[in-house]
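In what follows, a single structure is set out as structure tokens and then discussed.
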Amino acid sequence: MIKLTINGEPRSLDVPADTPILWVLRDTLKLTGTRFGCGMALCGTCTVHLDGNPIRSCTTPISMAEGKHVTTIEAMEKDPLGRRVQQAWMDEAVAQCGYCQGGQVMSAVALLKNNPNPDDAQIDRQMSGNICRCGTYPRIRKAIHRAAAAAEKNAASIGEPLFTEVKA
């Protein structure tokens, strides 16, 4: 049994220890927001957070998540910053085909949790591991800036923290 927390819910899973997190999420738990892209940790489509850090779930075995917290795109609606990033994605019309967007959003949220006001170079560096075959990179950058500005404005106006606490 592998014990971990997924999207805030404690889980005990009877799966082989070497099963990639992606397949546990999709096949065992039916959390299909995280998608398969390349299967080699190169495209970023399968990005999830492991204890707050973005990882490629297609090559990370579930045993690496033992006792840790996995957060998927499905949990972003409950995260204030995740909601702001998703809203910015819509406001900037980032998605074309949409296939890579879950991984893109997860990487953007991780960036903004660690750097609430990144410049273009920092965004490009953080997001470089996420491939968008439609080429919406300029809109992704604009959406990240929009989400950062919205988070800063909202935090200043209502005293809400810019970040949600990452459980270690």
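The values are calculated or read from the model by the stated rules, or taken from the named source; none is laboratory data. Bear in mind that the values here come from a model prediction, so they are computed numbers and not experimental data. Cβ coordinates were reconstructed from backbone atoms using ideal geometry, including for glycine residues, and neighbour counts include every protein chain displayed. Calculation scope for accessible area: heavy atoms of the full protein, side chains included, ligands and nucleic acids excluded. Shrake-Rupley method; radii C 1.70, N 1.55, O 1.52, S 1.80 Å.
Sorting L42, L29, L112 by accessible area (1.4 Å probe), largest first, what list results?
L42, L29, L112
Just reorder D119, D14 by solvent-accessible area, largest first, 1.4 Å probe, all chains present.
My answer, sorted largest first, is D14, D119.
Accessible area per residue, 1.4 Å probe, Å², for segment 49-122: what's the number?
41 Å²
Considering only DSSP beta bridges with both partners in the chain, what is the antiparallel share in %, to the nearest 5?
Once the DSSP bridges in the chain are tallied, antiparallel ones form about 85 percent.
Which cysteines in the chain lack any other cysteine whose Cβ sits under 4.7 Å from their own Cβ?
C97, C100, C132, C134
Would you work out what percent of the accessible area of segment 1-111, with all protein chains in place, is carbon or sulfur (probe 1.4 Å)?
Answer for segment 1-111: carbon and sulfur cover 52 percent of the accessible area.
So what is the 222 nm mean residue ellipticity for the chain from helices alone, if each DSSP H run of at least 4 adds -39500 (n - 2.57) and you divide by all residues, rounding to the nearest 500 deg cm²/dmol?
-10500 deg cm²/dmol
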